[in-house]
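In what follows, a structure is listed as structure tokens, so that the remarks can point back to it.
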Amino acid sequence: MAELIPTKPYMIRAIHEWCVDNGLTPHLLVAVTRHTRVPMGYVKEGEIVLNINYSATKDLHIDNEAVVFSARFGGVSQNIYVPVDAIKGVFARENGQGMFFEVDLNSQNDASEITQGEAEPVTPKEADAAAKRKPTLTIVK
């Protein structure tokens, strides 16, 4: 018998669709690993929560390998790449309903390495400044 495709990516897509159909805001809880591409200034304790609502993302694509999209963080557009193995949960922000998963031990080891600063692309000072910065609206004539 051929190896079966894991159910996890299907569940992620299903919960995402359920949230959107019910007017809820879908979020991902992600264990940050060396394979994830997220803004490190927003990572706390090796994890990040990402809003994956269509209104908050551009070119959202959820397949069996990864969740890929562009989004703005602090007014700066970022390309996001999250392997399915690094996703700890998908849930609705408004009520917390969703599904949570066990993350592969290799992903957890990667996450602990990130929190220790071994692969941090920005300095802590830059990360603090980015986190404290509030978005502003500029009128252009």
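The values are calculated or read from the model by the stated rules, or taken from the named source; none is laboratory data. Everything quoted here is computed from the prediction, not taken from an experiment. Positions of Cβ are backbone-derived with ideal geometry, glycine not excepted, and every protein chain shown enters the neighbour counts.
Taking residue 2 and the conditions (1) free of Cβ contacts under 8 Å to residues at least 12 places away in the same chain; (2) of a type outside the set (Asp, Glu); (3) surrounded by fewer than 16 Cβ atoms within 10 Å (Cβ to Cβ); (4) under 20 Å from residue 92 (Cα atoms), which numbered condition does it fall short on, given that it satisfies the others?
Condition not satisfied by residue 2: (4).
Specify which of the listed residues (8, 58) is closer than 22 Å to residue 94 by Cα and among the basic types (Lys, Arg). So that I can check it myself, show each step before the final result.
On the way: 8 fails: closer than 22 Å to residue 94 by Cα.
Only one candidate passes the filter, namely 58.
Do you know which of the residues in the range 11-36 that are surrounded by fewer than 16 Cβ atoms within 10 Å (Cβ to Cβ) and either without any contact (Cβ under 8 Å) to a residue 24 or more places away in the chain or under 10 Å from the mean Cα position of the chain (by Cα) (or both) is nearest to residue 69 (Cα to Cα)?
17
Checking the conditions here, which among 6, 26 is under 19 Å from residue 98 (Cβ atoms), out of contact with any Gly (no Cβ under 7 Å at 6 or more places or on another chain) and at pLDDT below 95? Steps first, please.
On the way: 26 fails: at pLDDT below 95.
The match here is 6.
I'd like the residue in the range 37-86 that is among the polar types (S, T, N, Q) and not in a strand (DSSP E or B) and, out of all such residues, is surrounded by the most Cβ atoms within 10 Å (Cβ to Cβ).
Taking the candidates together, the pick is 57.
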